[in-house]
Amino acid sequence: MSAPALDRTLDEASLQAHFDGVIAAGHRIEPRDWMPEGYRKTLIRQIAQHAHSEIIGMQPEGDWLLAAPSLRRKAILLAKVQDEAGHGMYLYSAAETLGADRADLTDKLIESRQKYSSIFNYPTPTYADVGVIGWLVDGAAICNQVPLCRSSYGPYARAMIRVCKEESFHQRQGYELLMTMMRGTPEQRAMVQDAVDRWWWPSLMMFGPPDDDSPNSAQSMAWGIKRHTNDELRQRYVDMSVPQAEALGVTLPDPELAPDPQTGRYRFGAIDWDEFKQVISGNGPANAERIRRRRAARDDNAWVTEAATVYAHKHAAVSA
Amino acid sequence: MGHEETVYDALDHAHGGEGQWAFGTGFDEPLAGVDTTVPDGVDPADLGAYCLMLGDDALVLAQRLTEWVTASPELEEEVAVANIALDLLGQARLLLARAGSVGVLGRSRARATASIPDEDALAYFRDPDEFRNTGLVAAPNGDFGRTMVRLLVAATVRLAVLAELRRSRDPVLAAIAAKGVNEVAYHRDHAARWVLRLGDGTPESHRRVQAGAVEVWPLLADVFSPTDVEHRLTAAGVAVDPSTVRGEVVEVLTAVLGQATLQVPEWPAGTVPRGRLGEHGPELTELLGTLQGLARQHPAATW
């Protein structure tokens, strides 16, 4: 019995070497390939969090679907929220290629055993929030996600290509709404500035903790799951957003925001990481409501899902 | 490296892929570039009133279906229900714009600022008694089973009407109907599949969807009753008399419910078309309060 065990160890070593070679060459790992358990677990966690963020992210803007102030805006918003459901679906499917199960991941979300992006725990009191979510939140998401199109895991990378293309439409639609509002009444302009004041800092937090406090980053970079550090991506986002804010005619709420003549990049003020920790650990303004609604969708309709399953079995048995 | 640049590049040049965005990124009025001349011998007031009937049905049902977004049983259903609502919203925009194009705007035009397009003046600045939808589409959703029964019934009626309307002497209505037929055929199919699954699923789903049918069926009472406007426009070859589609609707619904092992509730006796004449219950006032609230708070704003 000891010889096969020895072989298994040898096999594992050669599989690991092959995996390392694929990563080093910048090629992709596919579902049938051998992968280390840590790689699989890290990917499932990251992809599931991402999928949960898409689904929970339907809610803050979805709150305006029934009250959107023109039919055109209603159509745009409905198409956008629908896209987010679609993104959630591709991402859960990518996680399923790693052996996860969508229903189980949903349960983990509802039981707060897995996280989602803390940005979606902020409320959306005005219609300008719809525009600012498109411009800043989707803008930050794009900065985060474009490099993931090169992620070492094939199904995730391919899902991200499609997601990023759609996100870029959302961002432009959001910015266009804000442009229209800035050309509108004084109340509309005040609404836009107020929304920018509320969303700017949380959008900076979307890139995650600073590099010196990001325990999983180094391993994820080595595995090619992540391509840039949190702070690099955050800086890229700030540099992109400042000229957009100027073109829009709004002020970003950071007195320390200024170009650094040495680097040509923008310096910005200190982020309130205590707020981040509070929100991510469940104490944000809307955490409870977000989870309550997701739970209600599952529980109130459990009879529907059960009926669909029973019906499918019945009719599969008939045709078999 | 190269790949990432390609993606950034694709994002920067995203205008090449506008077909992917459901509504384009332009700002066109729904009927931009369309010849909106009224056919000979047709009273524009009648034509506009008829467009409001079909347009309000679509707008109100779209609003009801949108209530399911973030509350649906499955993610696939979130996508489907949003898709159906989007189709109906698109039909509503065309039909309201058509009503506006023939000058049927009622009191709404005086309430809305000039910069607000006709479709929005009509959707956001009419009071409930100016809406021309049936009670069938305005009724609250109830549970998912009742929602799907109502969608099945409403889509079956609408599909039968639109199929005939493709031959309308008004080329704008004929074109709107031709586009709508494909969409509503899918809505009917989607709802029918759910009614089958729920009817022939578990005892609980059977009980619930049967109860939903019992609640929805009485709403058919005024759906087949034509108004004077529909009489005149049918005679002029422009509209469809709803009483002529009753046979097809009864046949389709009887077949679907039968296959779903459900009992067909009693067909209600016909009544005056209250909804078409602007008589509605409190549920429409509530629905419109949500739909119109923000737009009315800022009557001088454009969005």
Single unsatisfied condition, A:Asn287 versus (1) over 26 Å from the mean Cα position of the chain (by Cα); (2) under 29 Å from A:Asn121 (Cα atoms)
(1)
Restricting to the stretch A:210-258, name every residue that is touching a Gly at 6+ places or on another chain (Cβ under 6 Å) and open to solvent by 30 Å² or more (accessible area, probe 1.4 Å).
A:Glu256
Answer from A:Ala67, A:Ala85, A:Ala100 - the residue that is in contact with a helix residue (DSSP H, G or I) (Cβ under 6 Å, 6 or more places away or on another chain), modelled with pLDDT of 95 or more and not in a loop (DSSP other than H, G, I, E, B)
A:Ala85
I'm trying to understand the selection: among the residues of the stretch A:27-58, which are surrounded by fewer than 20 Cβ atoms within 10 Å (Cβ to Cβ) and either within 14 Å of chain B (Cβ to nearest Cβ) or without any contact (Cβ under 8 Å) to a residue 24 or more places away in the chain (or both)?
A:His27, A:Arg28, A:Arg32, A:Asp33, A:Trp34, A:Pro36, A:Glu37, A:Lys41
Of (1) touching a residue at least 12 places away in the same chain (Cβ under 8 Å); (2) small (Gly, Ala, Ser); (3) part of a helix (DSSP H, G or I), A:Ala317 fails just (1)
Can you give me the number of residues within the stretch A:139-189 that are under 15 Å from the mean Cα position of the chain (by Cα) and within 10 Å of chain B (Cβ to nearest Cβ)?
17
Mind checking which residues of the stretch A:59-102 are charged (D, E, K, R), farther than 24 Å from B:Leu94 by Cα and touching a residue at least 24 places away in the same chain (Cβ under 8 Å)?
A:Glu61, A:Asp63, A:Glu84
Failed item in (1) open to solvent by 30 Å² or more (accessible area, probe 1.4 Å); (2) of a type outside the set (D, E, K, R); (3) outside any helix (DSSP H, G or I), with A:Gly184 passing the rest:
(1)
Checked A:Gly282, A:Gly269 against criteria (open to solvent by less than 70 Å² (accessible area, probe 1.4 Å) and within 19 Å of the chain's Cα centre (by Cα)); the one match is A:Gly282
Give the stretch A:59-79 a look and list any residue that's of a type in the set (A, V, I, L, M), more than 7 Å from chain B (Cβ to nearest Cβ) and either over 19 Å from the mean Cα position of the chain (by Cα) or open to solvent by 10 Å² or more (accessible area, probe 1.4 Å) (or both), or say none.
A:Ala68
Quickly run through the stretch A:285-320 and pick out the residues that are under 24 Å from A:Met206 (Cβ atoms) and open to solvent by 50 Å² or more (accessible area, probe 1.4 Å).
A:Pro285, A:Ala288, A:Glu289, A:Arg292
A careful count of residues in the stretch B:262-294 that are over 17 Å from B:Leu59 (Cβ atoms) and in a helix (DSSP H, G or I) gives 2
Could you tell me whether A:Tyr175 is open to solvent by less than 30 Å² (accessible area, probe 1.4 Å) and part of a helix (DSSP H, G or I)?
no
Sort out which residues of the stretch A:178-205 are under 25 Å from A:Asn121 (Cα atoms) and in contact with a Phe, Trp or Tyr (Cβ under 8 Å, 6 or more places away or on another chain), and write them in order of number.
A:Leu178, A:Met181, A:Met191, A:Arg198, A:Trp199, A:Pro202, A:Ser203, A:Leu204, A:Met205
Can you find, within the stretch B:115-139, the residue that is surrounded by the fewest Cβ atoms within 10 Å (Cβ to Cβ) among those that are small (Gly, Ala, Ser) and assigned to a loop (DSSP other than H, G, I, E, B)?
B:Ser115
Scan the stretch B:198-234 for residues that are open to solvent by 40 Å² or more (accessible area, probe 1.4 Å), touching a residue at least 40 places away in the same chain (Cβ under 8 Å) and touching a helix residue (DSSP H, G or I) at 6+ places or on another chain (Cβ under 7 Å) and report the count.
5
Is at least one residue of the stretch A:103-120 in contact with an Asp or Glu (Cβ under 7 Å, 6 or more places away or on another chain) and surrounded by fewer than 21 Cβ atoms within 10 Å (Cβ to Cβ)?
no
So, in the stretch B:256-273, of the ones that are farther than 18 Å from B:Gly212 by Cβ and touching a helix residue (DSSP H, G or I) at 6+ places or on another chain (Cβ under 9 Å), which residue ends up most open to solvent (accessible area, probe 1.4 Å)?
B:Gly270
Over the stretch B:28-78, the set of residues among the aliphatic types (A, V, I, L, M), without any contact (Cβ under 8 Å) to a residue 24 or more places away in the chain and within 17 Å of A:Leu78 (Cβ to Cβ) is B:Val69, B:Ala71, B:Leu75
Looking at the structure I just gave you, is B:Arg246 basic (Lys, Arg) and open to solvent by 60 Å² or more (accessible area, probe 1.4 Å)?
yes
What do you reckon, is B:Val172 assigned to a helix (DSSP H, G or I), touching a residue at least 24 places away in the same chain (Cβ under 8 Å) and away from chain A (no Cβ under 14 Å)?
yes
Please indicate, with yes or no, whether at least one residue in the stretch B:106-114 is part of a loop (DSSP other than H, G, I, E, B), away from every other protein chain (no Cβ under 14 Å) and crowded, with 17+ Cβ neighbours inside 10 Å.
yes
Neighbours by Cβ (under 7 Å, 6+ apart or cross-chain): first from the stretch B:116-132, at the interface with chain A (Cβ under 9 Å from one of its Cβ atoms) and under 21 Å from B:Ala300 (Cα atoms); second acidic (Asp, Glu) and surrounded by fewer than 24 Cβ atoms within 10 Å (Cβ to Cβ)
B:Pro117/B:Glu29
Only one of A:Leu136, A:Leu109 is touching a Ser or Thr at 6+ places or on another chain (Cβ under 6 Å) and part of a helix (DSSP H, G or I); which?
A:Leu136
Among (1) part of a helix (DSSP H, G or I); (2) without any contact (Cβ under 8 Å) to a residue 60 or more places away in the chain - the single one A:Gly131 does not satisfy:
(2)
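The values are calculated or read from the model by the stated rules, or taken from the named source; none is laboratory data. The model shown is predicted, which means the values in this text are computed figures rather than measured ones. Backbone-built Cβ (ideal geometry, glycine too); neighbour counts: all protein chains shown. Ligands, DNA and RNA are excluded from the accessible area calculation, which covers all protein heavy atoms including side chains. Shrake-Rupley method; radii C 1.70, N 1.55, O 1.52, S 1.80 Å.
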